[in-house]
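The values are calculated or read from the model by the stated rules, or taken from the named source; none is laboratory data. This one's a predicted model, so the numbers in the text were calculated from it and none came from an experiment. Heads up, the Cβs are rebuilt from the backbone with ideal geometry, glycines too, and the neighbour counts pull from every protein chain shown.
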Amino acid sequence: MIEAATAAPGIHGHVFLAADHEASERRTWAVIALCGAMMFAEIVGGLLFGSIALVADGLHMSTHAGALLLAALAYRYARSHANDPRFSFGTGKLGDLAGFTSAIILAMIALLIWYESVLRLLQPVQIHFAQAIPIAFVGLAVNIGSAWILSRGGHHHHHGHAHDHDDDHDHDHDHDHGHDHHDPDHDHGPEHASAAHRDNNMRAAIIHVAADAAVSILVIVGLVLARAFGWLWMDPLAGIIGAAVIATWSYALIRDTGAILLDMTPDPRLAENLRATVESEGDRVTDLHLWRVGPGHVAAILSVETDSARDAEFYRAMLDRFRVLSHVTVEIALVK
């Protein structure tokens, strides 16, 4: 005979944002301001001084700023709607959605760069080295400054509070205060930390900046060699290499954010350890689901068969070692 255990109902929140969410939002807006100022200066300067290269780079910077604006708006929306009851598991995955969108944009940019580079390789055009090289250096400086601002976030910490919530099932809603150190008593190993704690919205913003910086470096190298040795093919070749680099980063971002949006298990090792922990007491895990609900936050639903009279508090204490678990629902089936 199987009986479902019940316990007293409780109330808990569903705010699954990164600990440095607001700081990341501020840094993103700061970079947008920097890129916007650079974009305005290049477009106005190009129009005033008749430099089409400056205007072109300014328009390119506008796409850069637009991608960062997407990240900033995602941060703001997730923060302002964090307690909106319409979002059953909070707004923590909004950053992953924005990151996925940014990755698609990056892929399109890579395709465009590749197309233009191939055209230039087949049909070389005159290059105005005196204008192009300084502009490339200025763009590189802006990207380095942007990357420095965005990467000042430091360590990601996991904050929260513990609650037990039960209706027809035993729910253990568990947020742990403290910092995520690599303690052997807690299961958040290197691969798990990189997957569960990563802020993909900030990652997408940094990739946009890094991709632009990489292209700037390749362009500078290509232009210098083309000017020194007359190798005009070096400029489009640098563009093709840059497109390949951007496409690789874009694919990795699409793969990782897509997995989160489709609720794939964030870390198989975590699932194995969780199952082993519960079954070490003689119980049997008949169903287990893990998915990421935000940076540093993983939700779990598990069904446990036991022949002992164990309540939600027993399993809450047992799973307390898994500090990345922020929302746990346990269904207890008593087998007689």
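Remarks
- Selection over region 14-40 of residues that are farther than 12 Å from M61 by Cβ and either within 19 Å of the chain's Cα centre (by Cα) or crowded, with 23+ Cβ neighbours inside 10 Å (or both) gives a count of 16.
For every residue, the table says whether it meets (1) buried (at least 17 other Cβ atoms within 10 Å of the Cβ); (2) farther than 23 Å from M39 by Cβ; (3) modelled with pLDDT of 85 or more; (4) in contact with a helix residue (DSSP H, G or I) (Cβ under 7 Å, 6 or more places away or on another chain).
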| residue | (1), (2), (3), (4) |
| --- | --- |
| N201 | yes, no, yes, yes |
| S216 | yes, no, no, yes |
| V219 | yes, no, no, yes |
| L237 | yes, yes, yes, yes |
| A243 | yes, no, yes, yes |
| W249 | yes, no, yes, yes |
| I260 | yes, yes, yes, yes |
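- Tabulated pairs, region 80-94, first assigned to a loop (DSSP other than H, G, I, E, B), second β-branched (V, I, T), C-beta under 6 angstrom, 6+ apart or interchain: H81/T91; A82/V15; A82/T91; F89/V293; G90/V15; G92/V293
- Among residues of region 58-104, those that are at pLDDT below 90 and farther than 21 Å from R292 by Cα, counted: 10
- Pairing residues of region 217-230 that are under 16 Å from L121 (Cβ atoms) with residues that are aromatic (F, W, Y), at Cβ distances under 8 Å and at least 6 apart in sequence or on separate chains, gives L223/F129; L225/W231; A226/F129; A226/W233.
- Restricting attention to region 150-169 and to residues that are assigned to a helix (DSSP H, G or I) and surrounded by fewer than 18 Cβ atoms within 10 Å (Cβ to Cβ), the residue that is modelled with the lowest pLDDT turns out to be G153.
- Total residues in region 311-331 satisfying the condition of being in a helix (DSSP H, G or I), touching a strand residue (DSSP E or B) at 6+ places or on another chain (Cβ under 8 Å) and surrounded by fewer than 18 Cβ atoms within 10 Å (Cβ to Cβ): the figure is 1.
Matching residues to (1) over 30 Å from L121 (Cβ atoms); (2) in a loop (DSSP other than H, G, I, E, B); (3) in contact with a Gly (Cβ under 9 Å, 6 or more places away or on another chain); (4) modelled with pLDDT of 90 or more:
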site	(1), (2), (3), (4)
M264	yes, yes, yes, yes
E272	yes, no, no, yes
L288	yes, no, no, yes
W291	yes, no, no, yes
A309	yes, yes, no, no
A333	yes, no, no, no
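- You will find that of V44, V125, V118, the residue that is hydrophobic (A, V, I, L, M, F, W, C), surrounded by fewer than 16 Cβ atoms within 10 Å (Cβ to Cβ) and not in a helix (DSSP H, G or I) is V125 and no other.
- The residues listed here are A195, A147, A228; of these, the one that is modelled with pLDDT of 50 or more, farther than 22 Å from L288 by Cβ and either in contact with a helix residue (DSSP H, G or I) (Cβ under 9 Å, 6 or more places away or on another chain) or surrounded by 16 or more Cβ atoms within 10 Å (Cβ to Cβ) (or both) is A147.
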